Amino acid sequence: MGELPLDINIQEPRWDQSTFLGRARHFFTVTDPRNLLLSGAQLEASRNIVQNYRAGVVTPGLTEDQLWRAKYVYDSAFHPDTGEKVVLIGRMSAQVPMNMMITGCMLTFYRKTPTVVFWQWVNQSFNAVVNYSNRSGDAPITVQQLGTAYVSATTGAVATALGLKSLTKHLPPLVGRFVPFAAVAAANCINIPLMRQRELQVGIPVTDEAGQRLGHSVTAAKQGIFQVGLVGFCLIFATPLCCALFPQRSSIQVNRLEPELRAQIQEQNPGTEVVYYNKGL
């Protein structure tokens, strides 16, 4: 066998992201819970394979399937913009087992207010970690900003859950069992923008088709967070299928960006009509 060629585009997912099926296959791989069982050494080995390949160095004996496996292991544990290793429960591969456990507890302990508060707090704390870990862009955030966002998100989410619970006091018990689903969906609409408010303040990176960074856009951040919010509304039902609703690498027309960034791009890259950004998971 000859050496693996260097023209395999591992900057993009393995499957066609212009189709729902291709995106579904991509996110089923990204959210595979088995990735949580990988050791630190295995994660580092995958990162080395990917980074070496991007630098033009092919690991001896590496096959294309092994390269793609390394790429997905790397993507499952490291942030695409910052390169930092994501905390274990913040990884998308933790979504299925964590949501199964937390949702099961919310459905079981839904009658008493203290248990509702506790499990909604646990769930929204988990969601806050996920939303922060899978944010778009690489803008730094201070501990104070992160703490304020966390407290605001969890408090608003718990208040939403209690409000919905109070509305079902005189309804049949069967209806009460569905309150956690509605509460989680509504609370996510609060949690996501609060935990990712830094993106709304400074914008997220936008690039040309080749991946060259052109600037930061608040407009793109708003669009990305709206899409993530819609996904968050459905995540509790089907994580991989919902993540596949929109490509992770989304695009926006230059003429829809802020006037100052649009002018900057038109001056420096006059032929660019579309820019790209990582919307975040």
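Odds and ends about this structure:
- Checking every one of the GluC sites (Glu not before Pro) in the stretch 38-99 against DSSP loop status and a limit of 12 other Cβ atoms within 10 Å picks out E84.
- Derived scalar couplings ³J(HN,Hα) [the stretch 66-71; Karplus, 6.51 cos²θ - 1.76 cosθ + 1.60; whole Hz; x for Gly, Pro]: 5, 5, 5, 4, 4, 4
- Taking amide H as placed 1.01 Å from N in the peptide plane, T207 has its amide H under 5 Å from the amide H of L214, Y276, Y277, each at least 5 places away in sequence or on another chain.
- Nearest-10 value in Å² for the accessible area of Y276, using the 1.4 Å probe: 40 Å²
- In a fully extended conformation the segment linking T82 and R249 would gain 58.6 nm over its present Cα-Cα distance, using 0.36 nm per residue.
- Here r is the Cβ-Cβ distance between E273 and T113 and R0 is 51 Å; the resulting FRET efficiency, rounded to 0.05, is 0.40.
- The stretch 31-150 shape via C-alpha gyration tensor axes, a/c threshold 1.5: oblate
- The stretch 1-108 - percent relative contact order, Cα under 8 Å, separation 6 or more: 31 percent
- Stretching M101 away from Q212 to a fully extended chain increases their span by 35.8 nm, per 0.36 nm per residue minus the current alpha-carbon distance.
- For the set D81, D7, D65, D208, solvent exposure ranked by accessible area (probe 1.4 Å, protein chains only) runs largest to smallest as D7, D65, D81, D208.
- Mean separation of Cα pairs under 8 Å and 6 or more residues apart, divided by the residue count, gives the stretch 70-132 a relative contact order of 30 percent.
- Rounded accessible area per residue of the stretch 20-85, 1.4 Å, Å²: 50 Å²
- Length gained when the stretch E258-K222 is fully extended (0.36 nm per residue, less Cα-Cα span): 11.8 nm
- Shape of the stretch 20-85, Cα gyration tensor, a/c cut at 1.5: prolate
- Each residue of the stretch 272-277 was assigned a 3J(HN,Hα) from its phi angle through the Karplus expression (A = 6.51, B = -1.76, C = 1.60, θ = phi - 60°), giving 7, 10, 10, 10, 10, 8 Hz with x at Gly and Pro.
- Legend: calculated FRET efficiency, Q51 to L167, from the Cβ-Cβ distance at R0 = 51 Å, rounded to 0.05, equals 0.45.
- The heavy atoms of T63 present about 40 square angstrom of accessible area, all protein chains included, probe 1.4 Å.
The values are calculated or read from the model by the stated rules, or taken from the named source; none is laboratory data. On a predicted model such as this, the values are computed, not experimentally measured, just so you know. As a convention, Cβ positions derive from the backbone with ideal geometry for all residues, glycine included, and neighbour counts pool all protein chains shown. SASA here: full protein model, heavy atoms, side chains in, ligands and nucleic acids out. Shrake-Rupley method; radii C 1.70, N 1.55, O 1.52, S 1.80 Å.
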